[in-house]
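Novice: Structure below; questions to follow.
The values are calculated or read from the model by the stated rules, or taken from the named source; none is laboratory data. What you are looking at is a predicted structure, and each value in this text was computed from that prediction instead of being measured. In this analysis, Cβ positions are derived from the backbone assuming ideal geometry, glycine residues included, and neighbour counts consider all displayed protein chains.
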């Protein structure tokens, strides 16, 4: 494997550390002790139900061989699954993230619980084929749940391969991605002309451009949506620093600012799944809490927007 360590490290390295064993032994159970329902949305092209809270790996799972770091990420991963998580999104662009995810899925016994999503991020047909094969090997799957073209890179070349491999059963779903507002015009054209199962883009309280065209088009075309950068790289938390969470947020089972931001996103009817990324167990617990209970309706969403804008 090109990332410098062999497949045999999946168990021999990780499970051989006391820190990792301790992380598994004391991994917390479900965040919520009550009977509030896990929120799921249907993937329009098949009707398959997916929990609205997923997990990203950008800047978080690009870890080396440090046992303590991997033990912490293993605990983060286990909390994700313990609280109903399914979809994990990665990319070759994210350094060693795919390999670390694959290692920890096997070591924690969650290979069969994951909805694995990654991307092709290169130029040229053969390069794309080799990269996608390597991604599947790194994550440890024979069938990739979702393969996406990262930031539309050489999409004209890769799209026929994605469609062919989906027909062959090597991919279950295919899609395209963008982030922080890039390529929206071209992105919209592809949504209108290509047979896509998923699209991924940025949407949050601060950046609502997707409400204008992308989210309505996804709903019209029957395309599932993955939402990246839900906290605008921490910008939303900086905006509310020092402010108290409004009491009325309890009306949609919101306990923290993180859940306030995430519930705003997933309350949009065209959003399928949001993919925040973290290396912290407490943040993962908090994120997953947003995937349970009630969601704000249209009037409450307007109230959230007005409150946020007033800070």
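Novice: Could you tell me whether segment 11-19 includes any residue that is out of contact with any strand residue (DSSP E or B) (no Cβ under 9 Å at 6 or more places or on another chain), modelled with pLDDT of 95 or more and within 21 Å of residue 113 (Cα to Cα)?
Specialist: The answer is no; no qualifying residue exists.
Novice: Could you check, for segment 296-304, whether at least one of its residues is without any contact (Cβ under 8 Å) to a residue 60 or more places away in the chain and not in a helix (DSSP H, G or I)?
Specialist: Within segment 296-304 (the criterion being without any contact (Cβ under 8 Å) to a residue 60 or more places away in the chain and not in a helix (DSSP H, G or I)), the answer is yes, since at least one residue qualifies.
Novice: Quick check on residue 181: is it over 19 Å from residue 87 (Cα atoms), in contact with a helix residue (DSSP H, G or I) (Cβ under 9 Å, 6 or more places away or on another chain) and either modelled with pLDDT under 95 or buried (at least 22 other Cβ atoms within 10 Å of the Cβ) (or both)?
Specialist: yes
Residue-wise test of (1) surrounded by fewer than 18 Cβ atoms within 10 Å (Cβ to Cβ); (2) over 19 Å from the mean Cα position of the chain (by Cα); (3) under 19 Å from residue 293 (Cβ atoms); (4) modelled with pLDDT of 95 or more.
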position: 27; (1), (2), (3), (4): yes, yes, no, no
position: 35; (1), (2), (3), (4): yes, yes, yes, no
position: 40; (1), (2), (3), (4): yes, no, yes, yes
position: 49; (1), (2), (3), (4): yes, no, yes, yes
position: 56; (1), (2), (3), (4): no, no, no, yes
position: 63; (1), (2), (3), (4): no, no, no, no
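Novice: Quick one: would you say residue 162 is closer than 17 Å to residue 200 by Cβ and out of contact with any helix residue (DSSP H, G or I) (no Cβ under 7 Å at 6 or more places or on another chain)?
Specialist: Against the criterion (closer than 17 Å to residue 200 by Cβ and out of contact with any helix residue (DSSP H, G or I) (no Cβ under 7 Å at 6 or more places or on another chain)), residue 162 qualifies.
Novice: Among (1) crowded, with 18+ Cβ neighbours inside 10 Å; (2) within 19 Å of residue 228 (Cα to Cα); (3) in contact (Cβ under 8 Å) with a residue 40 or more places away in the chain, there is one condition residue 79 misses while meeting the rest; what is its number?
Specialist: For residue 79, the exception is condition (2).
Novice: Picking from 244, 290, 277, which residue would you name as being farther than 21 Å from residue 77 by Cα and modelled with pLDDT of 95 or more?
Specialist: Going through 244, 290, 277 in turn, the sole match is 244.
Novice: Does segment 218-229 include one or more residues that are surrounded by fewer than 21 Cβ atoms within 10 Å (Cβ to Cβ), touching a residue at least 24 places away in the same chain (Cβ under 8 Å) and under 23 Å from residue 126 (Cβ atoms)?
Specialist: no
Novice: Could you grab me the full set of residues in segment 81-95 that are part of a loop (DSSP other than H, G, I, E, B) and under 16 Å from the mean Cα position of the chain (by Cα)?
Specialist: 83, 84, 85, 86, 90, 91 - these are the residues of segment 81-95 that are part of a loop (DSSP other than H, G, I, E, B) and under 16 Å from the mean Cα position of the chain (by Cα).
Results for (1) closer than 25 Å to residue 43 by Cα; (2) assigned to a loop (DSSP other than H, G, I, E, B); (3) modelled with pLDDT under 95; (4) over 18 Å from the mean Cα position of the chain (by Cα), shown as yes or no for each residue.
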residue: 116; (1), (2), (3), (4): yes, no, no, no
residue: 119; (1), (2), (3), (4): yes, no, no, no
residue: 127; (1), (2), (3), (4): no, no, no, yes
residue: 131; (1), (2), (3), (4): no, no, no, yes
residue: 134; (1), (2), (3), (4): no, no, no, yes
residue: 141; (1), (2), (3), (4): yes, yes, no, no
residue: 145; (1), (2), (3), (4): yes, no, no, no
residue: 156; (1), (2), (3), (4): yes, no, no, yes
residue: 159; (1), (2), (3), (4): yes, no, no, yes
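Novice: Let me ask something additional. Between 98, 106, which is closer than 22 Å to residue 165 by Cα, in contact with a helix residue (DSSP H, G or I) (Cβ under 6 Å, 6 or more places away or on another chain) and either free of Cβ contacts under 8 Å to residues at least 40 places away in the same chain or part of a helix (DSSP H, G or I) (or both)?
Specialist: 98
Novice: What is the residue count in segment 279-290 for residues that are under 25 Å from residue 71 (Cβ atoms) and surrounded by 22 or more Cβ atoms within 10 Å (Cβ to Cβ)?
Specialist: Result for segment 279-290: 4.
Novice: Which numbered condition in (1) within 23 Å of residue 94 (Cβ to Cβ); (2) touching a residue at least 24 places away in the same chain (Cβ under 8 Å) is the only one that residue 282 fails?
Specialist: (2)
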